[in-house]
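Report on the structure given below.
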Amino acid sequence: MDKQFKLLFLILSFLLFLVPANAYANSDLDGREEVFAFLEKAFDSQVSLSEKSRTMEEIEGVLDPYFTEDYKSRFIEENVVGQENEYQTYGTDFAFYYIPFYAFSEKTKVVEMENEIYVVEFFPGNTEGPVGYEDHYEGLKFVKETGNWKVADYLYDDVPQEVINKAYPEKAKEQQQAADRVKEENPTVGKMVFGPNFSTLKTFMELGVIFKNENRTLLFGLL
């Protein structure tokens, strides 16, 4: 009996050894620390492609544990160069589809939805320096593909409002209060105001109707 148990244990141990280490690594991401660790590995996989030439199959194998097929294809199309089964990436100032450099601090929020995970960060506007930008949100979207969590999209200022509300409830409250103040100060905001039919105006102008005294009454009578 002991021999059979030991033999079974050895067989199971051998089978577990044969299973790829990343087979179950991405099936579940429990909490922000695991999400951040996953993103760091995903970024490392992208950077490693500059170390040496690989076949396209090898490159896809390096990226596959961390990115959906669509995201992986976009990254390869944008960043991978080469020919005759010798492909790699090169450094660039415009690194499209790389995992962005986040501080992964309390400013970086992780929002878990029913079938998606979002990593979101708010960037206040900057008017100094050669490049300026307004307040905006950036984020990464995770979905499950073949049973594993993978990066599916990079979001720049198009993070779903529901996600922003969960990530930054205080900012959502401030935005709502600001909108309410605008309505109180300007009661007509948001109400329908009837004015000239500009599509009709454009049609008349294209037909050569000119704003002269003899035509003005006719023109605005038809608007």
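Quick one: ranking 133, 87, 71 by accessible area, 1.4 Å probe, largest first, what do you get? List each step's numbers first, then the result.
Working: 133 90, 87 50, 71 0 Å².
Largest accessible area first, the list is 133, 87, 71.
Under a plain spin-label model, where a point goes 7 Å from the Cα along Cα-to-Cβ, how far apart in nm are residue 93 and residue 41?
Distance between label points: 3.5 nm.
I want to verify the translational diffusion coefficient of the stretch 30-164 in µm²/s; compute it with Stokes-Einstein, Rh as the Kirkwood radius over Cα pairs, at 4 °C and 1.567 mPa s. Each step should come with its number before you reach the end.
Numbers: Rh = 16.0 Å.
Answer, rounded: 81 µm²/s.
For Cα pairs less than 8 Å apart in space and 6+ apart in sequence, what is the mean separation divided by the residue count of the stretch 68-178, i.e. the relative contact order in percent? Each step should come with its number before you reach the end.
On the way: 141 pairs, mean separation 20.6, N = 111.
Answer for the stretch 68-178 is 19 percent.
Just read off the accessible area of residue 68 with the full protein assembly in place, 1.4 Å probe, to the nearest 10 Å².
The accessible area comes out at roughly 10 Å².
What distance in nm separates the simple spin-label points at residue 50 and residue 158, each placed 7 Å from Cα in the Cβ direction?
Placing both labels 7 Å beyond Cα along the Cβ direction yields 2.7 nm.
Heavy atoms of the protein only, probe of 1.4 Å, neighbouring chains included. What is the accessible area of residue 73 in Å², nearest 10?
Approximately 60 Å² of residue 73 is accessible to the 1.4 Å probe.
Pop out the carbon and sulfur fraction of the accessible area of the stretch 30-164 as a percent, whole number, probe 1.4 Å. Intermediate values should be presented prior to the final figure.
On the way: 3650 of 7900 Å².
The computed percentage sits at 46.
The values are calculated or read from the model by the stated rules, or taken from the named source; none is laboratory data. It should be emphasised that the depicted structure is a prediction, and the values quoted were computed from it without experimental measurement. Using ideal geometry, Cβ is built from the backbone for each residue, glycine included, and neighbour counts are taken over all protein chains shown. These accessible areas exclude ligands, DNA and RNA; they are computed on the full protein's heavy atoms, side chains included. Shrake-Rupley method; radii C 1.70, N 1.55, O 1.52, S 1.80 Å.
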